[in-house]
Amino acid sequence: MSEDLLSFEPATGAELWRGRISDIDAEVATARAAWPAWAAKPVTFRTETLRRFADRVKADGEQLADLIARETGKPLWEARTEVESVANKVDISIKAYAERTPNRRIEGAMGLRNAVRHKPHGALAVLGPYNFPAHLPNGHIVPALIAGNSVLFKPSEKTPAVGARLVELLHGAGVPEEVVRLVIGGPDAGKALAAHPGIDGLLFTGSARTGVAINRQFADQPGKIVALEMGGNNPIVVWDTADIATAATIVVQSAFLSAGQRCSNARRLIVKQDLADRLLAEVKTLAGRLIVGHPHADPAPYMGPVIDNEAADGLTESFLILMSNGGQVIRHMTRPDANRPFLTPGIIDVTAIPERPDIELFGPLLQVIRVDSFEAAIAEANNTAFGLSAALIGGTPQLYDQFWANARAGVINWNRPTNGASSAAPFGGVGLSGNHRPSAFYAADYCAYPVASSESDALRASIGVGLRDDDTPKLVTKKYL
Ligand code: NAD
């Protein structure tokens, strides 16, 4: 007998959704059987179907935003921006498909030509995270469908309702039900899907721990495409600037947007020693003014809760560990309601901790490191196994050049937050943040593979050397010197 999966609203604890755990074998069989017919349709058929999906998302925008806000706890205004990204993804992906995977013909002599075209992989599994339950899986699903793949989408077990709604919208727009399958389940379902011989690849967004496990699982299957979008321990460096107030605003946005639950949030503020006190005073004041509250509250909050009590407990514990290891508290991370996962922004100076843990603390917790030289700032920025986003605030064009050249990350910004990346650019990281298959504009690259063909309208062949006049077998013995 199969079990149910339940989801709850983080802000209230109320049950939001329940659904049956999926039968993985059956879902994979359906998606596998469906993809050749979908792939055989003209690409314009697929893109028009997805344009209808974008229209439906826009028409249904308020309900979808409401569901995202309820299921993730993110403020309604932010959920609305996620819905906008979902709808905009279609045009961006159509453009990316044309630009990144175009058909090419290279004409040769005498009617010979070389052609480059792209083919879909087949049935692709998409595993989604909870923090952007619609936008991020959608960033794999839409390009995968445009390229002609079928999709098995397993949303996070914490946000199945949004996943189910996304799939309904795709079906409603005309994507055949067999071509996009909703797979309900937790990590076990993810593991089973990843291990299934019937999938042709897996497109993952989630934590480095899971991504590494998946990478290991595919180690002996080089023929399957695996795209891993993982977390970060992202640095934001503040250097010479007279505009401390704006620098503080960028730091606060980088660290606390989405209650620190974006992969691109800044986790580590690296600041020039002689600027630190002034900057930190501003950051502390501004962080203290951020409204933490229910996603639908009025006035609107800046931050909602983190995803669940377990996440809030883990973050509180991490803050206490940093404190007990010698961290100096700048602003305590507090939990105004002991029963719900609301956290106020926490800021802690960890300069004195010699062995700082290189882990992604996925919540509103900013660690501060003071440095004396720009070289030390870059060394600190790179003092991580991750490499997702990094930002320099202040400095000069020369310092930015140096930062850009030496920072190891897939997103490197200047005077801009670490987060809020454009979907019109590639998005991905190095090190533990990704496996060099960036998503967003470059998702087209991993949704299809190139096929090179040498072609001629007429048969034409000749052997120009090494032939004798008759066909009597004879060994040539004379050696050439
Ligand atoms: P997670 O790794 O816990 O889960 C992601 C998905 O993988 C879920 O669907 C989950 O059920 C599934 N899963 C879990 N264990 C699995 C296993 N062993 N095998 C197969 N599937 C498994 O991630 P999360 O907590 O939902 O999301 C937050 C994380 O995602 C953060 O680390 C964040 O930085 C990262 N993230 C990265 C990006 C990016 O684009 N790089 C974007 C958003 C979030």
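Being within 13 Å of the ligand (Cβ to nearest atom), assigned by TED's automatic domain parsing to the domain that holds Asp358 and modelled with pLDDT of 95 or more is a property that holds for Ser389.
Being open to solvent by 20 Å² or more (accessible area, probe 1.4 Å), under 30 Å from Lys95 (Cα atoms) and within 16 Å of the ligand (Cβ to nearest atom): is that true of Arg437 here?
Taking the combined requirement at face value, the residue satisfies it.
Count of segment 136-157 residues, restricted to those that are surrounded by 24 or more Cβ atoms within 10 Å (Cβ to Cβ) and within 13 Å of the ligand (Cβ to nearest atom), is 10.
Checked against (1) farther than 26 Å from Glu9 by Cβ; (2) part of a loop (DSSP other than H, G, I, E, B); (3) within 16 Å of the ligand (Cβ to nearest atom), Pro305 passes all but a single condition, namely (1). Restricting attention to segment 403-434, the residues that are polar (S, T, N, Q) and open to solvent by 60 Å² or more (accessible area, probe 1.4 Å) total 3.
Among the candidates Ala213, Ala245, the residue that is within 10 Å of the ligand (Cβ to nearest atom) and free of Cβ contacts under 8 Å to residues at least 40 places away in the same chain is uniquely Ala213.
Checked against the criterion of being outside any strand (DSSP E or B) and either over 17 Å from Glu168 (Cβ atoms) or modelled with pLDDT of 95 or more (or both), the candidates Arg32, Arg18 yield just one match: Arg32. From the list Pro129, Pro133, Pro75, the lone residue that is more than 16 Å from the ligand (Cβ to nearest atom), under 30 Å from Arg340 (Cα atoms) and modelled with pLDDT of 95 or more is Pro75. Look at segment 180-196: where a residue is assigned to a helix (DSSP H, G or I) and a partner is open to solvent by 20 Å² or more (accessible area, probe 1.4 Å) and within 8 Å of the ligand (Cβ to nearest atom), sitting 6+ places away or on another chain with Cβ atoms under 7 Å, you get Ala194/Gln217; Ala195/Gln217.
Applying the condition of being more than 10 Å from the ligand (Cβ to nearest atom) and touching a Lys or Arg at 6+ places or on another chain (Cβ under 8 Å) to segment 184-210 and asking which residue is farthest from Tyr130 (Cα to Cα) yields Gly198.
Only one of the listed residues (Val175, Val162, Val179) is in contact with a Leu (Cβ under 8 Å, 6 or more places away or on another chain), open to solvent by less than 30 Å² (accessible area, probe 1.4 Å) and within 14 Å of the ligand (Cβ to nearest atom). That residue is Val162. Within the set Arg100, Arg32, Arg70, Arg20, the sole residue that is exposed (fewer than 13 other Cβ atoms within 10 Å of the Cβ), touching a residue at least 60 places away in the same chain (Cβ under 8 Å) and assigned by TED's automatic domain parsing to the domain that holds Tyr130 turns out to be Arg20.
In segment 435-449, the condition of being in contact with a helix residue (DSSP H, G or I) (Cβ under 7 Å, 6 or more places away or on another chain), hydroxyl-bearing (Ser, Thr, Tyr) and under 25 Å from Ser150 (Cα atoms) is met by at least one residue.
The values are calculated or read from the model by the stated rules, or taken from the named source; none is laboratory data. Everything numeric in this text was worked out from a predicted model, so none of it was measured. Every residue, glycine among them, receives a Cβ derived from its backbone with ideal geometry; neighbour counts consider all protein chains shown. We work out accessible area using only protein heavy atoms, side chains counted, and drop any ligands, DNA or RNA first. Shrake-Rupley method; radii C 1.70, N 1.55, O 1.52, S 1.80 Å.
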